[in-house]
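To start, the structure under review is shown below, and the notes come after it.
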Amino acid sequence: MAELRETGGDGVVEVGAKSTEQKAEKMFNLKKWNAVAMWSWDVECDTCAICRVQVMDACLRCQAENKQEDCVVVWGECNHSFHNCCMSLWVKQNNRCPLCQQEWMVQRIGK
Amino acid sequence: MITLSKKLKQDAEKKQPKYPAVDDGRRVSIRDKLLTKEVQELEMDLPDSCKVHFEDVNKLSSFMLKIVPEDGYWAGGIFHFQIEVPEEYNMLPPKVKCKTKIWHPNIAENGDICLSLLREHSLDGTGWSPARKLKDIIWGLNSLFLDLLNFDDPLNIDAAEHFYRDRAGFKAKVNEYVRRFAQR
Ligand SMILES: [Zn+2]
Ligand SMILES: [Zn+2]
Ligand SMILES: [Zn+2]
């Protein structure tokens with residue numbers, strides 16, 4: 001079996017619960033403030049790696065079927081986010097995060 | 001080149017009973033929408049040794065890939081792969097067959113290919129993922145002639161054993177196959 005190496009570098013930044021602390025800390029040290037601290041795990045420009053539409057927009061399926069309102073976002077424990085529609089189709093196939101291959105565990109669902 | 005906007009329009013008009021009908025009467029193929037985007041990106045990001053060819057520009061789900069390895073055992077050969085993208089893409093991976101007869105540990109003589117990325121079900125996380133694209137598969141296939149070449153977990157066991165038993169003989173047989181089957 002030949003295996004493809006993980007290419008990575010797809011611009012995923014993982015900032016978890018600690019970001020608020022970090023932010024608070026850095027408020028006292030503005031010299032060290034940098035753009036990285038501005039990134040968060042629910043930035044609006046995140047793209048769903050499954051349907052390749054931004055997670056803040058409705059997924060490809062819901063757009064095509066005119067069900068924009070029902071389309072919500074799901075975040076995994078790994079902090080990767082997808083459309084809930086897209087992810088629920090994929091977990092039937094393989095219960096792993098398509099991006100980091102970790103076992104998929106829902107952290108939260110919302111808009 | 002494919003005129004993609006025209007193609008999408010045609011798809012919307014086409015009646016394909018397999019797709020679920022929606023309110024406004026249009027038929028939805030998620031696969032074709034994904035492919036329209038991917039194919040546009042594809043030509044910009046392929047290895048120099050690879051070329052894709054669409055028989056029918058209205059059918060992006062079926063195409064040929066030509067690999068002309070520049071280095072390695074198979075240099076000098078021209079290898080054709082047929083790629084079929086199932087309706088369930090990208091929940092399911094594309095199906096790939098090697099149409100050129102080849103002596104290779106990871107490609108059977110009937111054209112079956114052993115590349116983890118193409119596996120529908122994998123327990124170890126190396127199989128297909130919807131985050132992957134056609135581009136990744138093409139790079140993966142290209143690497144079967146170079147760094148992904150793997151003699152330790154072969155599909156063509158005879159070819160792998162041949163390599164370990166008699167390296168010169170293996171090379172000679174590869175060359176013979178290239179001469180006989182992989183010249184165009
Ligand atoms: Zn999606
Ligand atoms: Zn949706
Ligand atoms: Zn993940």
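Details
- Strands (runs of 3 or more DSSP E) wholly inside the range B:50-122 that include at least 1 residues being small (Gly, Ala, Ser) and either on the phi < 0 side of the Ramachandran plot or more than 15 Å from the chain's Cα centre (by Cα) (or both): B:62-67
- So A:GLU77, is it more than 13 Å from ligand 1 (Cβ to nearest atom) and free of Cβ contacts under 8 Å to residues at least 12 places away in the same chain: no
- Residue match in the range A:73-82 (condition: at pLDDT below 95 and more than 16 Å from ligand 3 (Cβ to nearest atom)): no
- Selection within the range B:65-81: residues that are in contact with a strand residue (DSSP E or B) (Cβ under 7 Å, 6 or more places away or on another chain) and free of Cβ contacts under 8 Å to residues at least 24 places away in the same chain. The member of this set that is farthest from B:VAL178 (Cα to Cα) is B:LYS66.
- Any hit, the range B:167-175, residues being within 22 Å of the chain's Cα centre (by Cα), closer than 16 Å to B:LYS95 by Cβ and either at pLDDT 95 or above or more than 7 Å from chain A (Cβ to nearest Cβ) (or both): no
- Checking A:VAL106 against (1) loosely packed, with under 15 Cβ neighbours inside 10 Å; (2) at pLDDT 50 or above; (3) away from ligand 3 (no atom under 16 Å from the Cβ); (4) within 12 Å of the chain's Cα centre (by Cα), the condition it does not meet: (3)
- Residue within the range A:92-107 that is near ligand 2 (Cβ under 10 Å from one of its atoms) and part of a helix (DSSP H, G or I) present: no
- Sole exception among (1) under 24 Å from A:LEU99 (Cβ atoms); (2) within 12 Å of chain A (Cβ to nearest Cβ) for B:ILE83, by number: (2)
- Residue match in the range B:133-144 (condition: touching a His at 6+ places or on another chain (Cβ under 9 Å) and either surrounded by fewer than 17 Cβ atoms within 10 Å (Cβ to Cβ) or within 14 Å of chain A (Cβ to nearest Cβ) (or both)): yes
The values are calculated or read from the model by the stated rules, or taken from the named source; none is laboratory data. Note that the structure is a prediction, hence the values are computed from the model and not measured. In this analysis, Cβ positions are derived from the backbone assuming ideal geometry, glycine residues included, and neighbour counts consider all displayed protein chains.
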